[in-house]
Amino acid sequence: MDYETIAVEKSDIGIIITINRPQQRNSINNKLLEEINRVLDQVEEDERCRLVVLAGQPGTFCTGMDFEEFSSLKSQQGTAPLKTAPNPYMATLKRFTLIPRVVIAVVDGQVMAGGVGLAAASDLVIATPRSQFCLSEALWGLLPAMVTPFLVRRVGFQAAYRMTLTTAPVHSREALDMKLVDEISESPFDSVHRLWLRLSKLSVPTLRNLKEYFRKMWLINEAMENIAITEIERLSSDPRVIENISNYVKYGKFPWEGLA
Amino acid sequence: MDYETIAVEKSDIGIIITINRPQQRNSINNKLLEEINRVLDQVEEDERCRLVVLAGQPGTFCTGMDFEEFSSLKSQQGTAPLKTAPNPYMATLKRFTLIPRVVIAVVDGQVMAGGVGLAAASDLVIATPRSQFCLSEALWGLLPAMVTPFLVRRVGFQAAYRMTLTTAPVHSREALDMKLVDEISESPFDSVHRLWLRLSKLSVPTLRNLKEYFRKMWLINEAMENIAITEIERLSSDPRVIENISNYVKYGKFPWEGLA
Amino acid sequence: MDYETIAVEKSDIGIIITINRPQQRNSINNKLLEEINRVLDQVEEDERCRLVVLAGQPGTFCTGMDFEEFSSLKSQQGTAPLKTAPNPYMATLKRFTLIPRVVIAVVDGQVMAGGVGLAAASDLVIATPRSQFCLSEALWGLLPAMVTPFLVRRVGFQAAYRMTLTTAPVHSREALDMKLVDEISESPFDSVHRLWLRLSKLSVPTLRNLKEYFRKMWLINEAMENIAITEIERLSSDPRVIENISNYVKYGKFPWEGLA
């Protein structure tokens, strides 16, 4: 099978999905989400495949939404009405938390905006020492609305709130302290192999029970997911936000530079 | 404008409110809450003012409820019926979390009881190394009922519960580890300036969206706020509690000394 | 009074319950839960007794459910219908969190599965440096369903989830960082005495208020407790789980060895 945005590698212990858009700094577009989900469909058909590793490029795990695609879509849409659920990004994060497989994010380097959500919704995150995580959305007048439920679940309220408010990068050591990262490793794939020695003892039905059960033990439910989707649709239809992003795509100009 | 309980300083980046009751160890009375809210009213009228810093005296940020005022009010009230919502202290904490501005608590030294709530409800807390936080309420037969929702939000259940149960002081380093403090600094106002370099890029509408959205991503809602207000009214009308505090105000005697 | 499964020692500051099933590696059977609750009944009749310490054997705090008793009960029951609430283990954890006394777990050595719940539901946990905590349930096709609400409350979602998923032991230092342990001490009973200097100043009515109030400030309610009980009944009636445990009890064979 052929993919445009990812590389897929089957190994004896599972499958590795590598985000493969280096020219676009591994940003997220609809094609990427569709292709990740196509792989997950295949995984779900094979009970022997119990491990999904999500990786990025050296130095760049994922930098969030593809601004060029966003800007181009918005200029086509004009005043189109808001999309409603389902949202493919939110659906993917939710799927990570419910698919009866182990999902491990292997992070090396930059993780921004929506990329933070891909990591936060993974079962486990292994990061290299040079990794850093940044929620830059508020700088554009956006919010990491769909990331927030999964980030709060992982790191608690204040750490998620602080990252969103300050938009400052969080380095691997601090990310480990706040449990955004589960392990720091110079060779994260070796860590995956070591973890798999224990994880491989869990059956697919047990993984299904575990993930469904933990969902009932926390705040995230469909109502909260819909609040998240509604908020991101609202914000990304705000003319100021569209203009902020368009000015960046066209002229490389940041919103606060426009204030001068 | 003149204030009895605070000093207010406008700078080019925002406003600094300094709690100014050194004779009363910077305790909280109704006048203080009223004056803080009067400043916040002014802030909300000025879109250019996007930063509110709350500071205390050197060595004493805030020591919680003013026991003398409490005791005097209670002796006047006699068997007056319970007050109902709104409660001015609870309303102030809630306002910190919703006002579309950045609220930073600059803490140096002692923070006790209700003072912990003022910090916990702030967006960010910067503390000097000598700072310490203590929830002493249970010693008097009270609870930090209105502080709890905001403290649990910031530090998680167990850290908030342990502080309340043990009534033991938490020093700056431990407070940082539990995220009650966001940064330790020998010169916290320099830290505010440094943080502002990024924070200043956020617009008022974005701050409003951010704060309203994060409220929906956590446990605190009006029902929980009313439980808090009802509980503090119930406890502070308990004759044993009133006597405990009155004995301290009049004779400097602690409740457990009365047991001897 | 005579006990089969525990030793009980009254001191001037409270009562020490020592789990006393060294031959069964201090596992939990129904008799143990019944006897712990009998002691708590006595404690509740004596307002002067305000401290309950739960301890284990040197090197083994508690290793969770007694597999031999479970296996024997299951082979007797045959296809008996599921038990419904109340569940004595869940009721005991809940009682720890609501009894108007201070409950301190003194942990030395191994804490597994249901043993983690006894610690997590205690007000405070003091552990020796050699202690370690492990949720091994998923290896058997079970989940720590009744432990989870109390563990999430104590350590947050991700740390509880990671322990359940990886089934890997957490050592005392990491347990302290994640707040599963409140203090590490070479001589935990000395720590209890030191803590008691402050804790002893809290009255029984204050402890009752405190515990009832904090329950309202968090996610656990009767609905969640019933979800937990229903899930554990469902899983422990699963023929695969029963067979996994029976094979271990009879032949010392682990589930994944059966896959070969």
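Looking at the structure I just gave you, is residue C:187 open to solvent by 20 Å² or more (accessible area, probe 1.4 Å), more than 14 Å from chain A (Cβ to nearest Cβ) and closer than 24 Å to residue C:12 by Cβ? Against the criterion (open to solvent by 20 Å² or more (accessible area, probe 1.4 Å), more than 14 Å from chain A (Cβ to nearest Cβ) and closer than 24 Å to residue C:12 by Cβ), residue C:187 qualifies. Return the residues of segment A:119-140 that are part of a helix (DSSP H, G or I) and open to solvent by less than 10 Å² (accessible area, probe 1.4 Å); say none if nothing qualifies. Within segment A:119-140, A:119, A:120, A:138 meet the criteria. Would you say residue B:162 is of a type in the set (Lys, Arg) and either over 23 Å from residue A:177 (Cβ atoms) or over 17 Å from the mean Cα position of the chain (by Cα) (or both)? In short, yes. Among the residues making up segment A:228-257, those that are closer than 19 Å to residue B:199 by Cα and within 11 Å of another protein chain (Cβ to nearest Cβ) are A:240, A:241, A:244, A:254, A:255, A:256, A:257.
The number of residues in segment B:211-228 being among the acidic types (Asp, Glu) and open to solvent by less than 30 Å² (accessible area, probe 1.4 Å) comes to 1. Within segment B:25-53, track down each residue that is more than 22 Å from residue B:87 (Cα to Cα) and either acidic (Asp, Glu) or open to solvent by 20 Å² or more (accessible area, probe 1.4 Å) (or both). Scanning segment B:25-53 gives B:25, B:45, B:46, B:47, B:48, B:50. Count of segment A:2-17 residues, restricted to those that are surrounded by fewer than 17 Cβ atoms within 10 Å (Cβ to Cβ) and either among the basic types (Lys, Arg) or under 14 Å from the mean Cα position of the chain (by Cα) (or both), is 1.
Evaluating residue A:249 against the criteria (1) under 24 Å from the mean Cα position of the chain (by Cα); (2) at pLDDT 95 or above leaves one unmet condition, (2). For residue A:69, the requirement of being open to solvent by 20 Å² or more (accessible area, probe 1.4 Å), at pLDDT below 95 and part of a helix (DSSP H, G or I) is met.
Taking the listed residues A:52, A:116, the one that is assigned to a strand (DSSP E or B), modelled with pLDDT of 95 or more and of a type in the set (A, V, I, L, M) is A:52, with no other qualifying.
With respect to the conditions (1) open to solvent by 50 Å² or more (accessible area, probe 1.4 Å); (2) away from chain A (no Cβ under 14 Å); (3) not aromatic (Phe, Trp, Tyr), residue B:174 falls short on a single one, namely (2). When A:159, A:145, A:105 are screened for being within 14 Å of chain C (Cβ to nearest Cβ), closer than 30 Å to residue B:120 by Cα and open to solvent by less than 10 Å² (accessible area, probe 1.4 Å), only A:159 passes.
Per the listing B:153, B:130, the residue uniquely more than 26 Å from residue C:126 (Cβ to Cβ), within 14 Å of chain A (Cβ to nearest Cβ) and touching a Gly at 6+ places or on another chain (Cβ under 9 Å) is B:153. Annotation note: of C:218, C:196, the sole residue that is facing chain B (nearest Cβ under 7 Å) and in contact (Cβ under 8 Å) with a residue 40 or more places away in the chain is C:218.
Taken together, A:194, A:240, A:208 contain a single residue that is under 22 Å from the mean Cα position of the chain (by Cα), over 22 Å from residue A:117 (Cβ atoms) and open to solvent by 80 Å² or more (accessible area, probe 1.4 Å), which is A:208.
The values are calculated or read from the model by the stated rules, or taken from the named source; none is laboratory data. All values derive from a computational prediction rather than experimental measurement. Glycine gets a Cβ as well: all are built from the backbone with ideal geometry, and neighbour counts include every protein chain shown. Areas reflect the complete protein model, heavy atoms only, side chains present, ligands, DNA and RNA absent. Shrake-Rupley method; radii C 1.70, N 1.55, O 1.52, S 1.80 Å.
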